[in-house]
Every structure is written in structure tokens, then in C-alpha cells.
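Data first, discussion second: the structure below is written as C-alpha cells.
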Amino acid sequence: MKKELALELKHITKTFGNVVANHDVSLDVYKGEILAILGENGCGKTTLMNMISGIYFPDEGEIFVDGKPVIIRSPKDAFRYKIGMVHQHFKLVDIFTAGENIVLGDSEKKRFNLNDVNNRVAEITERYGFTVDPQKKIYEMSVSEKQTVEIIKVLYRNADILILDEPTAVLTPQETRNLFEVLRNMRADGKSIIIITHKLHEVLEISDRVAVLRKGEHIATVDTKDATESSLTEMMVGQKISLNIERTEPKNSVVRLKVEGLSATDDEGLKVLDNISFEARSGEILGIAGIAGSGQRELLEAIAGLYPLNEGDIIYNNPKTGDTVDLRNKTPLQIRNLGVRLSFVPEDRLGMGLVGNMNITDNMMLRSYRRGKSMFVDRARPKALASEIIESLQVNTPGVSTEVRKLSGGNVQKVLVGREIAAAPTVLMVAYPVRGLDINSSYTIYNLLNKQKESGVSVIFVGEDLDVLLELCDRIVVINSGRITGICDGRTVTKEEVGLLMTKSHEEEREVKSNE
């Protein structure tokens, strides 16, 4: 049976000033297939998808839907041609129900009968195998439930072409399997699905074909059955690279940080940390695993002096003096003045880590401006550091004077991680340091973390990819709803075991300790 084209792009070009995001890109998507889009950071994947979904308009080229040329100037136009995009960052109203969010912005009717809406949502969930309660409030939902609402919102508008941006970024292995089963059901129903992802093993598992972009150009589209992780990486980067994380055994490991009985509440009085206790040792990478929103961010912020605690102690063993210091209730500046070097790469890289309107050099200076001996600050060393980070991490930027907000998300992350590692800490805390990074850049970061470990640094790594956590970390602390449900040996625990601990209820808790 001959395949029917659902979507076709011909010679698409898009520029932003002097930056060419996409150049002469031509690719197609068939009905009833899953197409994965791969490429390094800044290669134009998201820009290309934004043109299909109506967020950007191409400077040159044509878009065809069902073989007919179309003009897509807005997301409303895209929906008219049955195209919908599910973004990585959800666009939902927390106090509304799932059903209310699904019809929000739908211009089919001026008034809606929520019973009719909920019935139609139920039909969609039954047809494709979703699990969601249309009457449940968004703020009561897990991340996977919120993602389900976003997908159903698109299907509710009769989309036949769906674009998913990093759909498994914050899902557990079990949730990922459930999502893939739904996507297969949608494919069997004739839907065309485009997935942007950096997880090569998932690309090989779920997609039918893979389109590879490099520096804004379409390199090739290959059948997934004929591809391997190595071949896809070589196409993305243009050369062969190693995809191995060399995990060494910890040497001369001593307790650098001891966390005892940490408890904290949020603004509404709900517990976000509940009796958290663990040790972080020099010369090891300690992983923190958990579903998004389980307390990982609050834990790292508490250690860094950014989140207030109700109970507990954070004992730091100073390697230079041999003294122990309780970091509890100290500000980040006080912690720094004590000689404690905690480097923190937060989840919100532009909100907390970097200043978007400042250039790369000025963002380097945020770490050093207090050391100035006069009213003038030294710009030479921060500029040299900025140049070094751009070169070593291959940051795609015109130069050190470029404003950070003008960089792609992945390149912003490289600047932030590079600056924090350059601070030469004794404890390095990193939250999602490779989020949004391509495979080549991700392995560069993993190797940098391993070098920190080998130099005696205690590395605390919060990650969302369990395959990486198991391959990179010496020990893994699993958190669920602000409580530790297990402490595992990264060399022996399985992905399924960690996934179960991530979803374990408090009544089922059991502590798995090894090599303590």
C-alpha cells in the first residue's frame, strides 16, 4: 500500500537578523507514522516546528498539507489544517479542571456544556488509551497527567498532525511506556506524529523514520530500522564520537556533606521536604532521582542557602581546615564567606542562574564582582573565562558580547554549567545540567562531572534520564513527595527498581541501602 503524505516542507528558510536558523529545509511526514527530529542545540529543530505550528512564518519556502499548499501565520491557522503542537512547558491554568483547560481558547462555540466536553474527552481517552479525569484540577495532577491534558487538548481540536517537544523529559520509565503505547494507538488510527527528542534509545524504540538537522540544514531522513545510536550521532555531529560514560570507582572518599532530618514547607504550609537524610562523599557522584516536583529543587536550594528549613542540619566538612560547619539558616553569601564552595546549577537557568539581558562576559562576572578592590571591576578574567567556555563546550554564539537571552536554551545551559564548574567547588550541585542539550553536548557535561569527581569534588546530580543516572552515579537517592524512598547502588540497581521507588507511596516505603 502506497503511503500518503500528510505534511511536506519544501525549501524552508528562516533567519533572525544575521542568524540563519533554517536553510533550504525540505522534509515530509506520512499519515500513520512517527517521525523523530534529531539535531544538536541551535540546529533549528524547534524553529522549524514553530513554523509548522504557526508561531513563526518562514522567510522562504512552502508548506503542504494533504498535498495542498497552505499559509500558516498563527496557531489558529495550524489548527484549521489539523496541526497541533504540545510544548515541553505546559500551557495550562492550574485552578481549572482538565475539561475546562481542554476547551479553553476553542472558538467552535461561544458557550460550552461541560458535561458534553467531559463526555467527548472520555471518548478520546478510551479511543487511544489515555488515563485522565476531566473533572480533576490541574494543580492536583502529576506531570504525566498534565501532559495527557495537553495532548487531548490538541486531539479535541481534531488534529491529525501532532508535534511533541521533548515529551518524555520528566516522565518515569513506566509513564514513558504508557505514553509510547498511546502514541502507537494514535499512529494506528492514522495520526502523523512528530517528536523532538534527545534520547536516542527512545527514538529507536518509538519512531518509524528519523530526520536529522545540522546547523539549520536537513542532512537526511532515514528509516529507524536501519539506524543505530552511533550512526545517528555521527549524522548529527558530522563526525564519530564516543557515547560511553566512564564511571570510575571513588577514591579516598570521605563524607563532605551530611544532611540530617531536613523538613521544609511551601508558602501554603504543605511539606515539600519531609525528614530528608543522606551523605554526600568526596570523589563520588550522588544522584537524586524523582518525578518532577518531588522536592529535588527545594532540597538543593536548601543546601545552597536559598530555601528556608523548618528542621534539620546540613553539616559541611571543610577539607582545608578539617572543621565542621552547620550551613543551616546561613545565607549563600555567609556560606561563601566561610570558605564553603557550593556551586548550584538550578532548573530555572534564566530565572535563577543567569541574567538574560546581560552578555556572556557579564554573567561570568556575577561570580567575581565582589572581589574587586575599587569601584571598577576586572573584566579581563571573566572575558577569558567566557571565551574558554564557548570554545570547550562549543557554545553556538557570535561572541562573548552576545546577550544570553538571544542564545538557544541548550547554549544557555552550557554557559551556566561551564561557569559553575569553573568556580572550582568542593561540593558541586547540578539540577538537570543537560536538559535541552544534544547528545554530544550532554556527554561533554557528563565527562566534566566525572573529572570533578576524580579531582575529589562531591558531585550531587539531579537528573531526569534514569539511563544516565544508572550509568553515571555511584549512589542514587530516590525522592517521592518530599521523602526518601530508597538509597541505591548505581552499579547494581535496575531502572525498573528506581522507577518503582519514584512512585512508591509512603505506606509502601522501604529503604534500599547498599555500600553505606
(request) For segment 97-108, state whether one or more residues are part of a loop (DSSP other than H, G, I, E, B) and polar (S, T, N, Q). (result) yes
(message) Suppose we filter 384, 431 for residues that are at pLDDT 75 or above and surrounded by 22 or more Cβ atoms within 10 Å (Cβ to Cβ); which single one remains?
(response) 431
(request) Take residue 438 and decide whether it is farther than 22 Å from residue 360 by Cα and acidic (Asp, Glu). (result) no
(request) State all residues of segment 448-475 that are out of contact with any Phe, Trp or Tyr (no Cβ under 8 Å at 6 or more places or on another chain) and either without any contact (Cβ under 8 Å) to a residue 40 or more places away in the chain or of a type in the set (Gly, Ala, Ser) (or both); if no residue qualifies, say none. (result) 448, 451, 452, 455, 456, 458, 470
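A quick yes/no check of all residues on (1) surrounded by fewer than 20 Cβ atoms within 10 Å (Cβ to Cβ); (2) touching a Ser or Thr at 6+ places or on another chain (Cβ under 6 Å):
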residue	(1), (2)
120	yes, no
145	yes, no
175	no, yes
185	yes, no
191	no, no
(request) Look at residue 416 and say whether it is over 22 Å from residue 381 (Cα atoms) and touching a residue at least 40 places away in the same chain (Cβ under 8 Å). (result) no
(request) Take residue 150 and decide whether it is over 30 Å from residue 35 (Cβ atoms) and either crowded, with 19+ Cβ neighbours inside 10 Å or at pLDDT below 90 (or both). (result) no
(request) Please work out which one of (1) of a type outside the set (A, V, I, L, M, F, W, C); (2) under 26 Å from residue 438 (Cβ atoms); (3) touching a Gly at 6+ places or on another chain (Cβ under 8 Å); (4) surrounded by fewer than 22 Cβ atoms within 10 Å (Cβ to Cβ) is the condition residue 74 fails and give its number. (result) (2)
(message) Residues to consider are 32, 17, 54; find the one that is surrounded by fewer than 23 Cβ atoms within 10 Å (Cβ to Cβ), without any contact (Cβ under 8 Å) to a residue 24 or more places away in the chain and not assigned by TED's automatic domain parsing to the domain that holds residue 395.
(response) 17
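Each row is one residue, and each column tells you yes or no for (1) closer than 19 Å to residue 493 by Cα; (2) assigned to a strand (DSSP E or B); (3) among the charged types (D, E, K, R).
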| position | (1), (2), (3) |
| --- | --- |
| 247 | yes, no, yes |
| 257 | no, yes, no |
| 260 | no, yes, yes |
| 267 | no, no, yes |
| 272 | no, yes, no |
| 275 | no, yes, no |
| 279 | yes, yes, yes |
| 283 | no, no, no |
| 286 | yes, yes, no |
(message) I need the full set of residues from segment 1-52 which are part of a helix (DSSP H, G or I) and either in contact with a helix residue (DSSP H, G or I) (Cβ under 9 Å, 6 or more places away or on another chain) or charged (D, E, K, R) (or both), in order please.
(response) 45, 46, 52
(request) Considering every residue within segment 436-444, establish whether at least one is assigned to a loop (DSSP other than H, G, I, E, B) and buried (at least 23 other Cβ atoms within 10 Å of the Cβ). (result) yes
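The values are calculated or read from the model by the stated rules, or taken from the named source; none is laboratory data. What you see is a predicted model, and the numbers here were worked out from it, not measured in a lab. Glycine gets a Cβ as well: all are built from the backbone with ideal geometry, and neighbour counts include every protein chain shown.
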